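Encoded as structure tokens, the structure appears first; notes follow it.
The values are calculated or read from the model by the stated rules, or taken from the named source; none is laboratory data. Note that this is a predicted model, so its numbers are computed, not measured. Note that each Cβ is placed from the backbone with ideal geometry, even for glycine, and that neighbours are counted across all protein chains shown. Only protein heavy atoms, including side chains, enter the accessible area calculation; ligands, DNA and RNA are left aside. Shrake-Rupley method; radii C 1.70, N 1.55, O 1.52, S 1.80 Å.
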Amino acid sequence: MAIATVNPATGETLATFVPLTEAEIETKLALAASAFQEYRKTDFATRSNWLNQTAAILERDKTKFAEIMTLEMGKPLKSAIAEVEKCAWVCRFYSEKAPEFLADVPITSDAGSSYVSYQPLGIILAVMPWNFPFWQVFRFAAPALMAGNVGILKHASNVPQCALAIEAIIREAGFPQGVFQTLLIGANQVAAIVEDERVKAATLTGSEPAGASLASIAGKNLKKTVLELGGSDPFIVLESADIEAAVKTGTTARMLNNGQSCIAAKRFIVSDSIGDRFEQALVAQFQALKIGNPMEEDTNIGPLATSPILQELEKQVQTAIAQGAKVLMGGEAISDRQGNFYPPTILTNIDPNSHIAKEEFFGPVAMVFRVKNLDEAIAVANNTPFGLGASAWTQNPTEQQQLIKEIEAGAVFINGLVKSDPRLPFGGIKRSGYGRELGIQGIQEFVNIKTVWIK
Ligand code: NAP
């Protein structure tokens, strides 16, 4: 894929970038390696100060950064502004908490004194997706830099200006040169970087094929990886649920980011007894959403990020329909306007065992499944290769406990929206990946957990 800014609302190519040459990559890796030798010696107070400054810059210019995101990948501007604010939050969070999360842990043993010490690893490669072009990067960078690592970023090819802006922010905040660098490169240039002995570990957020490819190269080179991959989160609504609240939250959960979120509610699993009511209310909520120019204040749904994503979504919906799915609304791409627009769509009558039911729909398309009872709801929820998040709605404490125990996912939210939060670990199981970001667990992924034993 060419490295370029293509406005998804118009299809217009606004800027193109030449990928770095091998020699240019070498220069950046050498700089990162030498920067690490000094940076690892800085103390928490110094790093905290730089990270707080990063937060201040993000807040100062939030509209400017949000506009770059909206221009490059089409999310509504108001959610882009909220994303920049959340990046400032994760910076402040780790700025404050890293000294506590990485403090020495005394352990009683046969030593005179023994403890665990957390030390940085060196250069960490981050391969990131376009859907939350700032958030995905900052949720990696804030803990990684606080831990004393240095970062190199290979961002998605359709968000190069976001990638360059992030490097500039971190530099302006005062972090030394080489501590965080953006590499404008194609996916085919990643393998050689993973293999480079100066690069100690890698994290990838994106699709399963990309994750499997990176992890296999890292595995051959015995390097640790964290993978945050796709999801097809269930959104379970049982008889005792507050249906109105569930439908409202479910709409947000499906439509956030024009439907292109890994933790979007992709499969609505609803008790038969409330099925009709739920579907009618969901249709009403979806119909109220305004599709349009993502730069406009009142737009709820902008274009999908790229035309291949639009084509893939269209194909999936057509496959589902050909296999007997009923279309409650939407179901066809919007052809009377430029850009990658797809309308809110609701599909029912899909066989939960079919192949299509197990795919990730990356756009504003909801599948609704009817179930007879809690056990069937859990079985349908788990009938997917993915295991990222899950949202379940019931007022019954016994049902809540069973859902918490039996849902196969990295997170279960009861009567609430699945969301990422700097304070809580985030990640998946099954084909959604492994390892965790955020929380104390996130900052402890890329450190040497060193055992110290003193006689
Ligand atoms: P993608 O194609 O996998 O791209 C993600 C990143 O990986 C991009 O930087 C891409 O570069 C790079 N890449 C692609 N193939 C690669 C390879 N073989 N080796 C190394 N790097 C490679 O993902 P996407 O389809 O754009 O993103 C959407 C996916 O990300 C969805 O499945 C979504 O659920 C998932 N996601 C997961 C999370 C999470 O936290 N679990 C969060 C957000 C998104 P190019 O752009 O140059 O191809």
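Return yes or no: is Val18 β-branched (Val, Ile, Thr), within 16 Å of the ligand (Cβ to nearest atom), in the same structural domain as Pro133 (by TED's automatic domain parsing) and crowded, with 21+ Cβ neighbours inside 10 Å? Spell out how you get there, then give the answer.
Values: β-branched (Val, Ile, Thr): yes; within 16 Å of the ligand (Cβ to nearest atom): yes; in the same structural domain as Pro133 (by TED's automatic domain parsing): yes; crowded, with 21+ Cβ neighbours inside 10 Å: no.
No: the conditions fail for Val18.
The condition (being closer than 25 Å to Ser207 by Cα, touching a Leu at 6+ places or on another chain (Cβ under 6 Å), crowded, with 24+ Cβ neighbours inside 10 Å and not assigned by TED's automatic domain parsing to the domain that holds Pro364) is satisfied by just one residue among Cys87, Cys91: Cys87. Restricting to region 114-138, name every residue that is open to solvent by 10 Å² or more (accessible area, probe 1.4 Å), β-branched (Val, Ile, Thr) and within 20 Å of Pro19 (Cβ to Cβ). Val127 - this is the single residue of region 114-138 that is open to solvent by 10 Å² or more (accessible area, probe 1.4 Å), β-branched (Val, Ile, Thr) and within 20 Å of Pro19 (Cβ to Cβ).
Only one entry of Asn149, Asn131, Asn188 meets the criterion of being more than 10 Å from the ligand (Cβ to nearest atom) and not hydrophobic (A, V, I, L, M, F, W, C), and that entry is Asn149.
Listed here are the residues, each with its yes/no results for (1) acidic (Asp, Glu); (2) touching a Pro at 6+ places or on another chain (Cβ under 9 Å).
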residue: Phe362; (1), (2): no, no
residue: Asp375; (1), (2): yes, no
residue: Ala379; (1), (2): no, yes
residue: Pro385; (1), (2): no, no
residue: Asn396; (1), (2): no, no
residue: Leu403; (1), (2): no, no
residue: Ile407; (1), (2): no, yes
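Residues are listed down the side, and each one gets a yes or a no for (1) open to solvent by less than 10 Å² (accessible area, probe 1.4 Å); (2) touching a Leu at 6+ places or on another chain (Cβ under 9 Å); (3) not in a strand (DSSP E or B):
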position	(1), (2), (3)
Ala357	yes, no, yes
Val368	yes, yes, no
Gln395	no, yes, yes
Arg423	no, yes, yes
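Mind checking which strands (runs of 3 or more DSSP E) fall wholly inside region 46-160 and carry at least 2 residues that are aliphatic (A, V, I, L, M)? Lay out the reasoning, then the answer.
Details: elements: 113-120, 123-127, 150-154.
Counting at least 2 such residues, we get 123-127, 150-154.
Considering every residue within region 320-329, establish whether at least one is buried (at least 18 other Cβ atoms within 10 Å of the Cβ), modelled with pLDDT of 95 or more and closer than 25 Å to Phe132 by Cβ. For region 320-329, residues buried (at least 18 other Cβ atoms within 10 Å of the Cβ), modelled with pLDDT of 95 or more and closer than 25 Å to Phe132 by Cβ: absent. Which residue, of Ala111, Ala141, is in contact with a strand residue (DSSP E or B) (Cβ under 6 Å, 6 or more places away or on another chain), surrounded by fewer than 17 Cβ atoms within 10 Å (Cβ to Cβ), in the same structural domain as Pro19 (by TED's automatic domain parsing) and modelled with pLDDT of 95 or more? Every option except Ala111 fails the conditions.
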